[in-house]
Every structure is written in structure tokens, then in C-alpha cells.
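Student: Below is a structure I'd like to ask you about.
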Amino acid sequence: MMHSSPSLHQEIDSYQEKLEQISKSQKIDPDTILEVLIVRDLIEKLLTREKPSVDDFRRIKRLDQQLKSFENSINTSQAIHELEELRQMIAPPHRNWWWWHFNKPLNTLDRFDWLFNLGTLFCLGFSFSITVQIVSRLIDSQGDLTLSILAAVQAALTLWVGKSLFAQNPSEVLTAISRRISLTMGVGKSWYAEVMFFFSLIFTLIAIAIRVFIIPLWVTVLTNQGRQIHNNYKYNADSSGSELSGALEKYIQAQHLDPENVQLQHYMGELYEDLGNLSQARSLYERVVEQDDYAIAYNNLGRLLILENNYSLAYQLLIKAYRLVPSTSADNSEASKTRYAVLKNLGWVRLEQKELREARDYLKIAIKEAIREEETGESRTIRIGAAHCLMAQVLEKGDQTSSQAEDIVKEWEMCKKNVDPNKPEEEEWGRLAEERTQEHESGRIEKK
């Protein structure tokens with residue numbers, strides 16, 4: 001019969017002595033518990049290196065059962081707190097069951113930890129999906145550096161909490177916060193799950209704030225910057241048009257951040273018109289009217305269809321715009337410009353369809369709208385030339401009297417003075433007005 005080595009036998013004896021000390025003492029000593037666990041570690045190592053006897057196995061089994069019998073006493077003592085800290089520091093393997101067998105008694109509130117962990121998992125998933133979307137859009141738009149850093153930090157913190165949720169060893173920071181809460185509240189429970197849920201909820205709210213408030217605010221800033229550049233081109237006679245690329249750059253950055261922004265798409269359509277890219281402008285206007293009942297987009301799309309000689313569809317869209325356009329009670333510059341543009345284009349399309357009476361009625365109202373706007377002090381916001389150009393053509397195609405001939409000349413004069421040279425049709429009407437006024441001065445106005 002093989003006998004155990006002296007070293008293994010000595011460690012088993014020491015194991016027994018330590019357990020007897022615990023059995024005899026009225027108070028569990030943390031140092032004694034630690035000594036027992038260390039001795040048990042040594043026994044385990046010796047078992048893997050040497051060949052113990054059957055008696056050694058029996059003694060170890062009996063002593064292990066005795067150690068387990070102290071479970072309740074150890075779990076309810078102060079020693080359990082030090083044991084938990086040692087477990088975090090040493091991180092013993094789970095096969096060494098004596099390190100993991102003892103745990104603090106479950107507090108009633110701890111029964112809900114699974115619910116907090118589930119909430120943490122949901123918040124982290126939601127936060128991470130929003131953050132990935134934000135970061136990808138910022139990269140595409142080559143956006144503001146500060147906003148990019150904020151989103152990157154948000155993503156890093158979200159990943160940190162996620163790692164703490166699934167890590168084998170708890171986060172030292174979260175553990176320290178949990179312990180501080182326990183001491184402050186005087187409640188003997190772990191607040192680790194609650195702390196993780198709190199942090200994940202905060203990071204989720206930050207992600208939502210960035211997506212719902214900060215990103216739209218930055219989109220508005222970029223859109224306004226692009227709009228300012230574009231308006232400077234439209235209303236400044238000295239503008240060469242080279243600055244329009246700057247406006248387009250601002251719009252594209254904003255579009256990457258908010259690709260569904262209807263107003264932005266409309267502004268981009270107007271810009272592409274001035275850049276001469278009518279097909280891209282039409283595509284954007286079509287996207288706008290598919291998403292929203294936006295009167296000015298229906299109007300602008302109708303105008304492009306008139307240029308393509310698609311008068312029937314243009315008229316349908318312009319009638320839709322007319323029904324959507326704000327009433328005269330909506331007393332502001334943008335509403336007035338929209339009303340004027342829709343009425344002017346309705347007059348244009350009815351002229352092309354040879355409905356001269358309707359065309360004249362629409363154009364009269366359009367001119368009145370522009371005059372009313374001028375009386376409010378906003379004389380520069382509406383270029384009235386197009387309506388007069390069209391009215392002159394309507395009158396020319398109708399039955400003319402001598403008084404009407406004078407009216408035609410007046411309309412051509414107003415047309416020549418107020419056309420928008422940035423629009424190809426108005427540039428052509430301006431040349432036609434020059435011809436007509438010269439003919440009048442030569443006394444050769446003819447009925448058309």
C-alpha cells in the first residue's frame with residue numbers, strides 16, 4: 001500500500017487544524033478563512049503532482065464536507081466581504097470550488113437584478129445602434145470635429161458598460177460605486193446591476209439627445225449657411241455664381257446627417273436648378289412631393305415640366321400646389337413668394353394650353369400679390385418680371401384694341417425691367433421684351 005508524501009500529509013493535517021479553529025471559535029475570523037482556502041489550494045496542487053493514498057482522499061473529502069458545513073456561518077459574517085474582494089483580486093479558477101462556494105445571502109432587492117441586467121442590455125443595444133448611425137453619418141458628412149469626438153466618446157463609454165455586463169470579473173469602478181451606495185444607504189446588497197443600468201440609461205439618453213437635438217441643430221446650421229450663400233447669389237447682381245459650390249457643399253454635409261429632411265431636399269433642388277442640373281433638381285423635387293405636401297416643391301416641379309412641354313402633368317401639380325399654398329392671411333415673405341410663384345406658373349401653363357382667360361386671371365392675381373408684398377416693405381423679395389412677360393404674351397394672343405395695345409407695351413416694359421436673368425425662360429422673355437419695345441418705338445407693334 002502506497003503512503004502519501006509527508007508534504008501532502010502535513011497540508012491535510014493543517015487543513016484539519018484550521019477547520020477545528022473555525023469550529024471552536026464563536027466568531028468567524030477572516031484571516032482563518034483565508035488560511036483555510038490557501039491550504040486547500042496547496043492540497044489541490046499536491047494532488048496533481050503526487051499520488052495520494054485512499055485514506056488521504058477520504059480525509060480530504062470529509063474535511064471538504066466540514067468546510068461546506070460552515071457555509072451559513074461564513075455567509076452571514078463580515079468575512080464574506082473580504083472574501084469577495086479577494087476573489088476579485090486573485091480571480092481563482094472556478095474549478096477551485098472552495099473560493100466560490102461562499103456568498104453573501106441574497107437580499108430581497110437582489111432578486112430583481114436580472115431585470116436590471118435585461119434593462120441594461122436593452123439600453124446598450126439601443127444606444128449602440130444610435131451611436132453607430134451617428135458616427136457613420138458624421139464620417140460621410142465630414143462633420144464638425146467636436147460633434148465627432150462627442151459621438152466617439154459616447155460609443156467608447158457604451159462599449160465599456162457592455163464589457164462590464166459580460167465580463168467575468170466586475171469593473172473596479174462600478175464595484176466601488178456599488179460599495180459606496182451600500183455604505184451610504186446601509187443596505188447589505190450589491191448595487192452593481194443597478195449601477196450598470198443607471199450608466200447604460202444615461203448613455204442611451206445622451207445618444208438620443210445627440211440624435212434628436214444636436215444633429216438636427218447642426219443640420220439647421222449647415223442648411224442656413226448654404227441658404228445664405230445661395231440667396232446672396234440670387235439677390236446680388238454682382239455674384240458670379242462660383243460661390244454656389246460652397247452652398248452645395250454645406251447642403252451635402254447636412255444631407256448626410258439628415259437624408260430625409262424635406263426642406264433641405266427642396267433647397268438642394270433649387271440650387272441644382274441654378275447650377276443648370278435640371279434632372280437632379282427634378283429628382284429632388286419628386287422625392288419631396290412623395291414624402292410631404294410641400295407647396296413650393298409641387299410648384300417648382302410643375303415649372304420644370306412646363307420647360308419639358310409636359311403641360312398636362314404640370315397643370316395637375318400646380319393645381320395641387322395652389323390648394324396647398326398658404327392663404328393671404330399667412331402674412332409673411334415666404335408665403336407671398338410661394339403664392340406668387342404658383343399663380344405665375346398656373347398662368348404660364350394655361351397660356352401654353354391656350355386657355356387665355358384663365359391664364360390672364362391667374363397672372364392678374366399673381367401681379368396683385370407681388371404689389372401687395374411690395375406695399376408691406378418687402379419689395380425685393382419677389383421678382384415680378386415673369387408675370388408681366390407672360391401677361392404681355394396672353395394679351396398679344398387675344399383680340400387687341402388700341403387701348404390693349406398700350407397695355408401690351410406696358411407689360412413688356414415691366415417684363416424687361418424685372419426679369420430674373422438666372423432663369424433661362426425669363427432670360428428669353430427679356431430678349432423678346434426688348435424686341436417688342438423696340439418695335440413699339442418704331443411704330444411696328446403687330447398682333448401675334
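Student: So, for the range 254-377, what is the accessible surface per residue at a probe of 1.4 Å, expressed in square angstrom? Kindly include the intermediate steps, with their values, before the conclusion.
Tutor: Details: 5690 Å² over 124 residues.
Here the per-residue accessible area is 46 Å².
Student: Right, something else. Give me the tail of P(r) for the range 270-371 as a percent: Cα-Cα pairs with distance above 23 Å.
Tutor: Value for the range 270-371 (Cα pairs over 23 Å): 23 percent.
Student: Is the shape of the range 219-275 rounded, prolate or oblate, going by the alpha carbon gyration tensor and its root eigenvalues a ≥ b ≥ c, with a/c under 1.5 for rounded and a/b larger than b/c for prolate?
Tutor: prolate
Student: Loop only by DSSP, 11 or fewer other Cβ within 10 Å of the Cβ. Give me the trypsin sites (Lys or Arg not before Pro) in the range 16-104 that pass, ordered by residue number.
Tutor: Numbers: sites: LYS18, LYS24, LYS27, ARG40, LYS45, ARG49, ARG58, ARG59, LYS61, ARG62, LYS68, ARG87, ARG95; in loops: LYS27, ARG95.
In loop regions of the range 16-104 (DSSP not H, G, I, E or B), the sparsely surrounded trypsin sites (Lys or Arg not before Pro) are LYS27, ARG95.
Student: Let me ask you something else. Listed here are the pairs LYS234/LYS368; LYS234/LYS410; LYS344/LYS423; LYS24/LYS45; LYS397/LYS423; LYS320/LYS410; which of them are more than 21 Å apart at the Cα?
Tutor: The pairs that break the limit, which is 21 Å between Cα atoms, are LYS234/LYS368; LYS234/LYS410; LYS24/LYS45; LYS397/LYS423; LYS320/LYS410.
Student: Using a 1.4 angstrom probe with every protein chain in place, what is the largest-first accessible-area order of PHE116, PHE122?
Tutor: PHE122, PHE116
The values are calculated or read from the model by the stated rules, or taken from the named source; none is laboratory data. A quick note: this is a predicted structure, and the numbers were derived from the prediction, not measured. Backbone-built Cβ (ideal geometry, glycine too); neighbour counts: all protein chains shown. Surface accessibility is based on the protein's heavy atoms, side chains included, excluding ligands, DNA and RNA. Shrake-Rupley method; radii C 1.70, N 1.55, O 1.52, S 1.80 Å.
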